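For reference, the structure is listed below as C-alpha cells.
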Amino acid sequence: MNWRVLRHDERGSVSVWAVLIVAAFTLVVGISVDLVGQVAAKQRAGDVAAQAARVAGQQADTNTLMAGSGKITVDPQQARRAALDYIAGADMTGTATIEAGGTQLVIITTAIYRPVFLTSVGIGPLAVTGTSTARLVRAQNGTER
C-alpha cells in the first residue's frame, strides 16, 4: 500500500470541515445578535407604550375633576393626542384608545427592527409591538377611593 498516495488524497478535507464550521458558527452568532436586537426593540416598544399611557393619563378632564364627583377621567381628545405625540417622538407608530368612560387607556406601539446579520439571508425589517394599559383611579393614603 502506498501511504504517500493516501496522504495526498486526503489533502484539503480539513479545509472543507473548517469552512463548514465557520459558516455554521457565523450563522449562530448572526441569529443570536438579531434575536437579542429584536427582543430589545420589543422591550423598548413596551416601554414607550407605558410612558405614552402615563402621559395620556395626565390629561385629566377638568370638568369632572372640578365637579367633585370623586370620579376622575381624562379628556379623550387631549389624552389621545398626548399619547400619539409621545409615540411619534420615539419614532414609532401606534394607537391610543380611551375606554370605560375615560378611565382606562390602552396604548399599542409598533416599531421596526432592522436585522444586522439576517438581512444577508433575505430576512428584512421586522415589526415589533408593545402594549400598555393604564387605569385611572383616585387614591387616598394608598387606598383606592
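The values are calculated or read from the model by the stated rules, or taken from the named source; none is laboratory data. Quick caveat: nothing in here was measured; it's all calculated off a predicted structure. Note: ideal-geometry Cβ built from the backbone for every residue, glycine included; neighbour counts use all protein chains shown. To get the accessible areas, we keep the full protein, side chains included, count just its heavy atoms, and leave off ligands, DNA and RNA. Shrake-Rupley method; radii C 1.70, N 1.55, O 1.52, S 1.80 Å.
General observations
- Per-q log10 I(q)/I(0), segment 29-133, q = 0.18, 0.21 Å⁻¹ (Debye; single scatterer per alpha-carbon; no solvent): -0.79, -0.94
- Sequence-distant contacts, meaning Cα pairs under 8 Å at least 6 residues apart, place the relative contact order of the chain at 26 percent.
- Segments 73-83, 21-31 sorted - mean Cβ within 10 Å per residue, highest first: 73-83, 21-31
- Under 14 Å, Cβ to Cβ, from P76 - net charge with Lys/Arg +1 and Asp/Glu -1: -1
- Computed on the Cα atoms alone, the convex hull of segment 95-137 gives a volume of 56 cubic angstrom per residue.
- In degrees, nearest ten, helix 13-57 long axis to first principal axis of the chain (Cα): 0
- Between segment 23-39 and segment 48-98, the alpha-carbon centres lie 38 Å apart.
- Computed over the chain, the per-residue total of -39500 (n - 2.57) for DSSP H runs of n ≥ 4 gives a 222 nm mean residue ellipticity of -17000 deg cm²/dmol, rounded to 500.
- In order along segment 118-124, the phi-based Karplus estimate (6.51 cos²θ - 1.76 cosθ + 1.60, θ = phi - 60°) of 3J(HN,Hα) comes to 5, 5, 6, 10, x, 8, x Hz; Gly and Pro are listed as x.
- Solvent-accessible area of the chain (1.4 angstrom probe, protein heavy atoms only): carbon and sulfur portion equals 59 percent.
- Probing with 1.4 Å while keeping every protein chain in the model, the per residue accessible area of the chain equals 68 Å².
- Residue-span extension gain [L27 to A67] - 0.36 nm each, minus C-alpha spacing: 8.1 nm
- Packing-based order for 94-102, 114-122, using average beta carbon neighbours within 10 Å, highest first: 94-102, 114-122
- Acute angle (nearest 10 degrees) that the helix 76-89 long axis makes with the longest principal axis of the chain, alpha-carbon atoms: 30
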